[in-house]
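Chemist: This is the structure, below, for whatever I ask next.
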Amino acid sequence: MAEPIGIITIKDALSEATQRLHEAGIESARLDGEVLLAYILKVKREYLYAHPERLLGFNEYEEYQAVLERRATRLPVSYITGSKEFMSLDYIVNEHVLIPRPETEILVEETVSRLEVLRRVHDPLIVVDIGTGSGAIAVAIAWFLEAVDVIGTDISCDALAVAKKNAEKHKVDDRIRFLQGDLLSPLNGKGLEHRITAIVSNPPYLSGRAMAEVPPEVAKEPKAALVGGEQGLNFLFVILEDAPRFLAPGGFVALEIGYDQAKTLTGFAKDVPGYTKVTTVPDLAGIERVLIANI
């Protein structure tokens, strides 16, 4: 029999939550239960282990049950808590933006590494993040490199609102300009032709077939930020084709790509006038995850 409402311990509340989420088909039931309880109690997860006999008050227990109910519907934990860590920075997220993922950190790391070299010859450094979403990529680049001006574009005004909040949160909003529009179109008429150092993007690259097979949590994220046409290549092709007219000599495009897209995209980029070198960077699983095309 469960403990009476209002005097249940952290230990027993977590046990109940793990069982409940496990029955909902959630593999990370224990972890999710801990994250959500820490969120309700406004503490770090370590606190739960240090104080297993701490009693939950009635309101705390009720709030915990409410968020567990939302998680049982397969709503991602980050949408419930409204936050997600990326590149050791905490980001605001909601249902209007894609949840930042660890593999995208490879894209940021590769971009920052190359920009650190180019800043010796490019002044100013101008970076454009296409399809900025939560602003995770744009904000991280501005955070790690002070000598850079960043432009983030997105077709969604709701996503841009989140991105602006994240730029303000991490105090880089003075170096990031957000523009609404489709892909590279917001750059037109801004005098940026052949002046941009890097164009980066984690565009929608799932195929229609792959989208039909994603976990229920992923299906809760904005479809427009995930699906890139029948083969998942539509947006990647457009960015690669349009980027050279904006890139400065020595500049580059850096794109996150799908697990089976490297060969096709490398061949495509090599046929686009302007690129002098096309390479790929693997993730920790050995999958070619980032494509770099240099001018």
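The values are calculated or read from the model by the stated rules, or taken from the named source; none is laboratory data. In this text the structure is predicted, and so the values were computed from the model without any measurement. Quick reminder, even Gly has a Cβ in these numbers, built from the backbone with ideal geometry, and neighbours come from all protein chains shown. Only protein heavy atoms, including side chains, enter the accessible area calculation; ligands, DNA and RNA are left aside. Shrake-Rupley method; radii C 1.70, N 1.55, O 1.52, S 1.80 Å.
Chemist: At 1.4 Å probe size, with every protein chain present, just tell me what the per residue accessible area of segment 144-203 comes to in Å².
Modeler: Numbers: 2760 Å² over 60 residues.
That works out to 46 Å² per residue.
Chemist: Could you give the length gained by full extension between Y49 and V117, i.e. 0.36 nm per residue of separation minus their alpha carbon distance, to one decimal place? Let's see the in-between values first.
Modeler: Values: separation 68, 0.36 × 68 = 24.48 nm, distance 4.47 nm.
Length gained between Y49 and V117: 20.0 nm.
Chemist: OK, next. Mind pulling the angle between the C-alpha long axis of helix 29-41 and the longest principal axis of the chain? Nearest 10 degrees, somewhere in 0 to 90.
Modeler: 80
Chemist: Mind ordering 228-236, 111-119 by average Cβ neighbours within 10 Å, highest first? Write out the running numbers ahead of the final one.
Modeler: Working: 228-236: 19.4, 111-119: 16.8.
Put in order of decreasing packing, that is 228-236, 111-119.
Chemist: Same structure, new question: Counting only DSSP beta bridges with both residues in the chain, tell me the antiparallel percent, nearest 5. Spell out each step's value before the answer.
Modeler: Values: 16 of 37 bridges.
Restricted to the chain, the bridges split so that about 45 percent are antiparallel.
Chemist: What does the helix-only formula give at 222 nm for the chain: each DSSP H stretch with n ≥ 4 adding -39500 (n - 2.57), the total divided by the residues, and the result rounded to the nearest 500 deg cm²/dmol? Numbers along the way, then the final one.
Modeler: Details: 12 runs with 116 residues, N = 295.
It comes out at -11500 deg cm²/dmol, rounded to the nearest 500.
Chemist: A further question on this structure: Please identify every one of the trypsin sites (Lys or Arg not before Pro) in segment 1-62 that sits in a loop by DSSP and has no more than 12 other beta carbons within 10 Å of its own beta carbon.
Modeler: Numbers: sites: K11, R20, R30, K42, K44, R45, R54; in loops: K42, K44, R54.
Loop-located and lightly packed - K42, K44.
Chemist: Please give the net charge around G181, taking every other residue with its beta carbon less than 15 angstrom from that of G181, where Lys and Arg add +1 and Asp and Glu add -1.
Modeler: Details: positive: R177, K190; negative: D129, D154, D158, D182, D242.
Once positives and negatives cancel, what remains is -3.
Chemist: Using the beta-carbon distance between K165 and E193 and R0 = 45 Å, what value does 1/(1 + (r/R0)^6) give for FRET efficiency, to the nearest 0.05?
Modeler: Working: r = 31 Å, r/R0 = 0.68.
According to the calculation, E is roughly 0.90.
Chemist: Ok, one more. Each residue of segment 278-283 in order: what ³J(HN,Hα) in whole Hz does its phi give by Karplus 6.51 cos²θ - 1.76 cosθ + 1.60, θ = phi - 60°, with x for Gly and Pro?
Modeler: Taking θ as phi minus 60°, the curve returns 10, 9, 10, 10, x, 8 Hz for segment 278-283.
Chemist: So, one more: Of the residues Y47, Y39, Y64, which exhibits the maximal mean-square fluctuation in a Gaussian network model of the chain defined by a 10 Å Cα contact cut-off?
Modeler: Y47
Chemist: For T276 and Q180 in the same chain, what is the full-extension length gain: residue separation times 0.36 nm, less their Cα-Cα distance, in nm? List each step's numbers first, then the result.
Modeler: Values: separation 96, 0.36 × 96 = 34.56 nm, distance 3.04 nm.
Computed gain between T276 and Q180 is 31.5 nm.
Chemist: If you roll a 1.4 angstrom probe over the protein chains with everything in place, what fraction of the accessible area of segment 64-154 belongs to carbon and sulfur, to the nearest %? If you can, show how the numbers build up before the last one.
Modeler: Details: 1650 of 3520 Å².
Of the solvent-accessible surface of segment 64-154, carbon and sulfur hold 47 percent.
Chemist: OK, next. Of the heavy-atom accessible surface of segment 203-295 (probe 1.4 angstrom), what whole percent is carbon and sulfur? Spell out each step's value before the answer.
Modeler: Numbers: 2510 of 4460 Å².
Summing carbon and sulfur atoms, their accessible area is 56 percent of the total for segment 203-295.
Chemist: If one computes P(r) from the Cα atoms of the chain, what percent of pairs lie at distances over 23 Å? Don't skip to the end; give the middle numbers.
Modeler: Values: 25306 of 43365 pairs.
That fraction is 58 percent.
Chemist: Quick one: Karplus J couplings for segment 66-78, per residue in order, coefficients 6.51, -1.76, 1.60, θ = phi - 60°, nearest Hz, x for Gly and Pro?
Modeler: Couplings: 5, 6, 5, 4, 5, 5, 5, 7, 6, 5, x, 4, 5 Hz.
Chemist: Same structure again: What is the calculated FRET efficiency for D12 to R70, with r their C-beta to C-beta distance and R₀ = 25 Å, to the nearest 0.05? Write down the numbers at each step before the final one.
Modeler: Values: r = 21 Å, r/R0 = 0.84.
Computed FRET efficiency for D12 and R70 comes out at 0.75.
Chemist: Now, a different point. On a straight-distance basis, which lysines could pair with K165 in a cross-link, Cα separation under 17 angstrom, same-chain partners fewer than 8 positions away excluded?
Modeler: Output for K165: K84.
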